[in-house]
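**Q** I have a structure here, written as structure tokens, and I will follow up with some questions on it.
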Amino acid sequence: MNRRVLGLLLELALPAALLVGYGLWTAQAQSFYFPPLGEILQYFRDLWLFDRVGSDLLPSLLRMSAGYLASVVLGVALGLALGMSRMLRTAAEPVVEFLRALPAPALIPFSLLLFGSGDSSKIFVIVLGAVWPILLNTIDGVRGVDGQQLDMARAYHIPLGARVLRIILPGAAPRIFAGMRTSLAIAIILMVVSEMVASSNGLGYFVLEQQRSFAIPEMWTGIILLGVLGYVLNWLFQRLERRVLAWHFGLKGLASPAAAKNTGTTKRSARSAAPSSDGEV
Amino acid sequence: MLNVSHLRKVYGPDPSAAPAVADLDFTVEDREFVCILGSSGCGKTTMLRCLSGLIPFTSGEITLRGEPVTGPPKDMAFVFQDYSRSLLPWMTVRRNIAFPLRYRGVDRREAAALTEEALDAVGLAGRGDRFPWQLSGGMQQRVAIARALAYRPRILLMDEPFASVDAQTRSGLEDLLLRVWERYETTVLFVTHDIDEAIYLADRVLVLRPPATVGHEVTVNLPRPRDQVRTKENPEFARLRGELFAAIDGGTVAA
């Protein structure tokens, strides 16, 4: 059996065991709060294939995407400015530290006052929570750009715009992606939380509504869907990261699983690990 | 072509503090190959950063072809010691070389031609699509040299460019540099702490003593083209070696 198949089986073993375990236990437990697996799946199919996709899943996804994209744009743009200017950084630091210490859900009541109960208030809350990891990581990434690369840029008269786009931004990209990954999780959390307060649709609203009407299997389907959603988004994010940062993983000797196995690889012995071995670059 | 007179550089706000460069005078002629030889900590790097316009100097004057140097001159290219940090790992070798050309008003087709020529000159034709980190250290430094050559500078400043490669690769790079120096008809100012390397490469060797003043100067009259074996067997090579060794030693306590 080859390694890939074995790896895949290993990855599937624990989830399968957990599901079977849950199924066996609920079949004899007859618990109101933990309905049998078959029942949950039945409801899942009835509700989410594809009755409520348009009414609850899509609005949630749109709010989250809008909030997340706004966080990325805002975080990277502000991070570049603050990372490059010590003066701006000094001036902005107390405010940034205060705002990021503020739990974003605490501003839900205020955002409802400001924007009403529509999408804007939810997007506002998502941005307020998700922008910080991106902002702070971008600042650190920008400050960590190699001074010699910037000297090189000056010696060769590279104009400021190209310096930012072709040297500083790519140089900071590994850190920016680290921030974006944290923010993705935060954005999903805030999407759910903001929808649980004063909302008329969305996944968060759905889960809370089902619980209030004691529709427990239905509630579970919403929770499962949220878990699947987080898993899929994270997987997509990883694919994007591998693609955009192919050079970074190559540099670190992690261009392909084969190269990653030789953990002691130096830069030079990673020479054979071309990014093309990922099959997409 | 390059004229340095009474160059003085003091770090920090106090002009009476100990200078990194005290009172430096020298000239480099057009198409000349000059090596600056000095032990570590003698102010070589500071001097080079002043010459390249990357940092301001305290007093004195630097002129390149009559023009005073106040920022990085248009006619100058710089090869840094640490190739792995001056090449951009997210660009292929070809894009690294072509990158400065785009902002020099060179059109796309000409930039491509200059890039291919430079790749060929450093023996990396066919490796343009690789990334720098897929190449060995010596090859990466050749990419940095190719980038400088494609820029078509009047003068090439090199800061201990071969200090971090192994001895075998190093002599190969020295010969390559001499070949491209002839081919590109450029001027080279090469900083090193290696006496043999300085003699082997240069028309003229300036010995720098802390705080960066020219303590000694020799003209190297060894025949060109130079050869790793024959040039170094030449009695004149041995004589110059002794002279420079004494000159360096006489100025500093070897660390």
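**Q** Between residue B:136 and residue B:107, what's the calculated FRET efficiency when r is the beta-carbon distance and R0 is 45 Å? Round to 0.05. Before the final figure, lay out each step's value.
**A** Working: r = 33 Å, r/R0 = 0.73.
Rounded to the nearest 0.05, the efficiency is 0.85.
**Q** Additional query: Calculate the length of the line joining the C-alpha centroid of segment B:178-253 to that of segment B:63-107, in whole Å.
**A** So the two Cα centres are separated by 26 Å.
**Q** Moving on. List the extent of the Cα atoms of segment B:88-152 along each of their three principal axes, largest first, rounded to whole Å.
**A** 31, 23, 17
**Q** Find out how many positive minus negative residues lie around residue B:43, taking Lys and Arg as positive, Asp and Glu as negative, among other residues whose Cβ is under 12 Å from that of residue B:43. Intermediate results must be reported in sequence, preceding the final value.
**A** On the way: positive: B:8, B:9, B:44, B:49, B:209; negative: B:23.
Net of charged neighbours comes to +4.
**Q** Along Cα→Cβ, 7 Å out, is where each label goes; now give me the distance between the ones at residue A:58 and residue B:1 in nm to one decimal.
**A** 6.9
**Q** Using a 10 Å cut-off around each Cβ, can you sort A:22, B:200, A:33 from fewest to most neighbouring Cβ atoms? Numbers along the way, then the final one.
**A** Values: A:22 15, B:200 21, A:33 8.
The order, fewest Cβ neighbours first, is A:33, A:22, B:200.
**Q** Still on this structure: So how far, in whole Å, is the C-alpha centre of segment A:115-181 from the one of segment A:1-31?
**A** 41
**Q** Once the Cα atoms of helix A:216-244 and of chain A are each reduced to a long axis, what angle between those two axes, in degrees from 0 to 90 to the nearest 10, is obtained?
**A** 20
**Q** Right, something else. At most 14 other Cβ atoms within 10 Å and a DSSP loop assignment: could you name the chymotrypsin sites (Phe, Trp or Tyr not before Pro) in segment B:51-112 that fit? Walk me through the numbers before you get to the answer.
**A** Working: sites: B:57, B:78, B:80, B:83, B:90, B:103; in loops: B:57, B:80, B:90, B:103.
Passing both the DSSP loop test and the Cβ count: no residue.
**Q** With chain A treated as a Gaussian network of Cα nodes joined by springs under 10 Å, which of A:30, A:210, A:238 yields the largest mean-square fluctuation?
**A** A:30
**Q** Using 20 Å bins from zero, what percent of all Cα-Cα pairs in the protein assembly as shown falls into each bin?
**A** 17, 39, 26, 14, 4, 0
**Q** I've got another one for you. Angle between the Cα long axis of helix B:167-184 and the longest principal axis of chain B, 0 to 90 degrees, nearest 10?
**A** 80
**Q** Could you pull the Cα extents of segment A:96-201 along its three principal axes, largest to smallest, in whole Å?
**A** Principal-axis extents of segment A:96-201 (Cα, largest first): 58, 25, 20 Å.
**Q** Under 16 Å from the 7 Å Cα→Cβ point of residue B:55, by amide nitrogen: which residues of segment B:12-47?
**A** B:12-24, B:40-47
**Q** Here is a follow-up. By its C-alpha gyration tensor, with a ≥ b ≥ c as the square roots of the eigenvalues, how is segment B:19-61 shaped: rounded for a/c under 1.5, else prolate for a/b larger than b/c, else oblate? Present the calculation step by step, with values, prior to reporting the outcome.
**A** On the way: a/c = 1.75, a/b = 1.25, b/c = 1.40.
Because a/c hits 1.5 or more and a/b fails to exceed b/c, segment B:19-61 counts as oblate.
**Q** May I ask you to derive the relative contact order of segment A:135-186, considering only C-alpha pairs under 8 Å and at least 6 residues apart, and to give it as an integer percent?
**A** Details: 32 pairs, mean separation 31.0, N = 52.
RCO, segment A:135-186: 60 percent.
**Q** Based on alpha-carbon atoms only, what is the radius of gyration of chain B relative to the globular estimate 2.2 N^0.38 Å? It would help to have the intermediate numbers written out before the result.
**A** Numbers: Rg = 18.2 Å, N = 255, 2.2 N^0.38 = 18.1 Å.
So the Cα radius of gyration is 1.01 times the expected 2.2 N^0.38 Å.
**Q** Cα to Cα, under 19 Å, and not fewer than 8 places away if on the same chain: which aspartates and glutamates meet these conditions relative to residue A:122?
**A** A:56, A:195, A:209
**Q** So, one more: So for the pair residue B:65, residue A:164, with labels modelled 7 Å out along Cα→Cβ, what separation do we get in nm?
**A** 3.2
**Q** May I have the pair-distance distribution P(r) for segment A:40-81, computed from all Cα-Cα distances with 5 Å bins from 0 and rounded to whole percent?
**A** Whole-percent P(r) values from 0 Å outward: 6, 21, 15, 14, 11, 10, 8, 7, 5, 2, 0.
**Q** Residue by residue through segment B:209-218, which ³J(HN,Hα) values in whole Hz follow from phi under the Karplus form 6.51 cos²θ - 1.76 cosθ + 1.60 (θ = phi - 60°), with glycine and proline marked x?
**A** 10, x, x, 6, 10, 6, x, 6, 9, 10
**Q** Right, here's the next one. How about residue B:9: which aspartates and glutamates have a C-alpha closer than 14 Å to its C-alpha, ignoring those fewer than 8 places off in the same chain?
**A** B:23, B:25, B:61
**Q** Please identify, among A:29, A:187, A:215, the residue showing maximal mean-square fluctuation in a Gaussian network model of chain A using a 10 angstrom Cα cutoff.
**A** Between A:29, A:187, A:215, it is A:29 that shows the largest mean-square fluctuation.
**Q** Next up: Applying the Karplus parametrisation 6.51 cos²θ - 1.76 cosθ + 1.60 with θ = phi - 60° to the phi angles of segment B:188-195, what ³J(HN,Hα) value in whole Hz is obtained for each residue in order, glycine and proline being reported as x?
**A** In residue order, the calculated couplings are 10, 10, 10, 9, 8, 10, 9, 4 Hz.
**Q** Does segment B:94-217 come out rounded, prolate or oblate by the C-alpha gyration tensor, with a ≥ b ≥ c the root eigenvalues, rounded set by a/c under 1.5 and, if not, prolate when a/b is larger than b/c and oblate if not? All intermediate terms of the calculation are to be shown ahead of the outcome.
**A** On the way: a/c = 2.25, a/b = 1.62, b/c = 1.39.
Because a/c hits 1.5 or more and a/b exceeds b/c, segment B:94-217 counts as prolate.
**Q** Highest GNM mean-square fluctuation, chain B, Cα pairs closer than 10 Å: which of B:101, B:156, B:51?
**A** Highest fluctuation among the options: B:101.
**Q** A follow-up question, please. With n ≥ 4 as the cut-off for DSSP H runs, can you work out [θ] at 222 nm for chain B, using -39500 (n - 2.57) per run divided by the number of residues, rounded to the nearest 500?
**A** Helix contribution divided over all residues of chain B: -11500 deg cm²/dmol.
**Q** Related question: Output the relative contact order of segment A:14-146, whole-number percent, from Cα pairs under 8 angstrom with separation of 6+ residues. It would help to have the intermediate numbers written out before the result.
**A** Details: 88 pairs, mean separation 40.5, N = 133.
Relative CO of segment A:14-146 lands at 30 percent.
**Q** In vacuo Debye scattering of segment A:51-244, one point per C-alpha: log10 I(q)/I(0) at q = 0.08, 0.11, 0.15 Å⁻¹?
**A** Here the Debye-derived log intensity ratios amount to -0.33, -0.57, -0.92.
**Q** Stokes-Einstein diffusion coefficient for segment B:173-250 at 37 °C in a medium of 0.692 mPa s, Rh from the Kirkwood formula over Cα pairs: what value in µm²/s? Could the numbers behind the result be given before it?
**A** Numbers: Rh = 13.2 Å.
Estimated diffusion coefficient is 249 µm²/s.
Since every read-out is calculated from the coordinates, none of them should be taken as a lab result. Since the model is a prediction, treat every value here as computed from it, not as a measurement. Reconstructed Cβ throughout: ideal geometry from the backbone, glycine too, with neighbour counts over all protein chains shown.
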